[in-house]
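Read through the structure below, which is laid out as structure tokens, and then see the notes.
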Amino acid sequence: MEVEVEGRTLSLSNLDKVFYPRSGFTKGAVIDYYTRIAPVLLPHLRDRHLTLKRYPNGVEGEFFYEKQCPGHRPDWVRTIAVWSRHNGREIDYCVADDLATVVWLANLADLELHTPLAYGRTPKEPTMLAFDLDPGPPATIVECAEVAVALREAFDHFGLLAFPKTSGSKGMQVYVPLNTPGTTYQVTKAFAQGVAQVLERRMPALVVSEMRRDRRAGKVFIDWSQNDEHKTTVCVYSLRARERPTVSTPVTWDEVEALLRTRDPDELTFTSAEVLARVEEHGDCFAPVLELQQTLPG
């Protein structure tokens, strides 16, 4: 079917195709979610070179990552060229600046939206610091919440505000907005690694900062390496390819602390419908990550 989105004509296909078989969530429902969440999602996508994660046959089928924006894109989909050291050439990434592009991406079965920590025009200057907290079974998001609170206390010591969100999968992420021109990954990555190592020394039974998977059982891996020019993290408000259409959701520190009291992992698991209701009530509580200017200690 053809639809018009903000003056752009798009052809949508297979809207009844089930993308999440265990919950019956269809491709049409994916497009509907991204359309409705777009007002708070777009500021976090704007001007960032996007890595697509496409699931043409739904979450139980094969998927693939796509950095080069598809050649069959409409001429109104903006791209930005970013040099790839690995490929030895520039890659033309998609940039999702408007609702029409978000709908077009959803129609391509781009279920997950993965963004870098920098803008495409300044790809070597991160605007934020990110800590990806990955629980090693039997640890869950509950243990991630313990580590997140410890991270917040560390940032409090430096006079920095941090903002938590769920990964929409198993873990949690903590972001420290910087938005200071001239910040480099050389600085942010070293700082993130140092913080992770300090927490590992203070909480050895709970935290691991090394990449080795054989050390992660029952602990939380603080992935500081995400602070890199060539890495991406799942964007806030992105769907995840899980059994249900869960979403990477911003949460409050009160909610994180409440989880430590209940110890119920499901308490911080949110589906697309629940996220839309949260945004309608509270707006975008992750907006400060785009606006707040902070400087890392020397």
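Express the Stokes-Einstein translational diffusion coefficient of region 29-114 in µm² s⁻¹, to the nearest whole number, given a Kirkwood radius over alpha-carbon pairs, 4 °C and a viscosity of 1.567 mPa s. Intermediate results must be reported in sequence, preceding the final value.
Values: Rh = 13.3 Å.
D = 97 µm²/s.
Mind grabbing the base-10 log of I(q)/I(0) for the chain at q = 0.15 Å⁻¹? Debye formula, identical points on the C-alpha positions, no solvent, two decimal places.
-1.24
For region 252-261, take each phi angle, set θ = phi - 60°, evaluate the Karplus expression 6.51 cos²θ - 1.76 cosθ + 1.60, and give the result in whole Hz per residue in order, putting x for glycine and proline.
Per residue, the Karplus-derived 3J(HN,Hα) values read 8, 5, 4, 5, 5, 5, 5, 4, 5, 7 Hz.
I need to check one value: relative contact order of region 2-115, counting alpha carbon pairs closer than 8 Å and at least 6 residues apart, in percent.
Numbers: 184 pairs, mean separation 35.6, N = 114.
The normalised contact order for region 2-115 reaches 31 percent.
I'd like the Karplus ³J(HN,Hα) series for region 196-203: coefficients 6.51, -1.76, 1.60, θ = phi - 60°, whole numbers in Hz, and an x wherever there's a Gly or Pro.
Per residue, the Karplus-derived 3J(HN,Hα) values read 4, 5, 5, 5, 5, 5, 7, 10 Hz.
For the chain, can you list the cysteines whose C-beta has no other cysteine C-beta under 4.7 Å from it?
Lacking a cysteine Cβ partner under 4.7 Å: C144, C235, C285.
What net charge is computed for the residues neighbouring L160, neighbours being all others with C-beta under 15 Å from the C-beta of L160, Lys and Arg scored +1, Asp and Glu -1?
Numbers: positive: R152; negative: E153, D156, E291.
Summing Lys and Arg as +1 and Asp and Glu as -1 gives -2.
State the Cα centre-to-centre distance between region 158-207 and region 231-298 in whole Å.
16
Can you give me the C-alpha center-to-center distance between region 13-47 and region 67-141, rounded to a whole angstrom?
Region 13-47 and region 67-141 have Cα centres separated by 17 Å.
In debye to the nearest 20, how big a dipole does region 212-298 give about its Cα centre with +1 on each Lys and Arg Cβ and -1 on each Asp and Glu Cβ? All intermediate terms of the calculation are to be shown ahead of the outcome.
Values: 12 positive and 16 negative charges, 136 e Å.
Approximately 660 debye in magnitude.
Output wanted: per-residue J couplings in Hz (rounded whole) for region 42-49, from phi through Karplus 6.51 cos²θ - 1.76 cosθ + 1.60, θ = phi - 60°, x for Gly and Pro.
4, x, 7, 9, 4, 6, 9, 6
For the chain, modelled as a GNM with alpha-carbon contacts under 10 angstrom, which of N227, N179, N14 fluctuates the most?
Fluctuation is largest for N14.
With springs connecting C-alpha atoms under 10 Å apart, model the chain as a Gaussian network and identify which of E143, E125, E153 has the largest mean-square fluctuation.
Answer for the Gaussian network model of the chain: E153.
Listed here are the pairs K17/K231; K17/K165; K67/K165; K17/K67; which of them are more than 28 Å apart at the Cα? Intermediate values should be presented prior to the final figure.
Values: K17/K231 31 Å; K17/K165 30 Å; K67/K165 25 Å; K17/K67 25 Å.
Checking Cα-Cα distances, K17/K231; K17/K165 exceed 28 Å.
Rule-based calculations on the coordinates, nothing more; no lab input. Everything numeric in this text was worked out from a predicted model, so none of it was measured. Because the Cβ atoms are built from the backbone with ideal geometry, glycine has one as well, and the counts that use them run over all protein chains shown.
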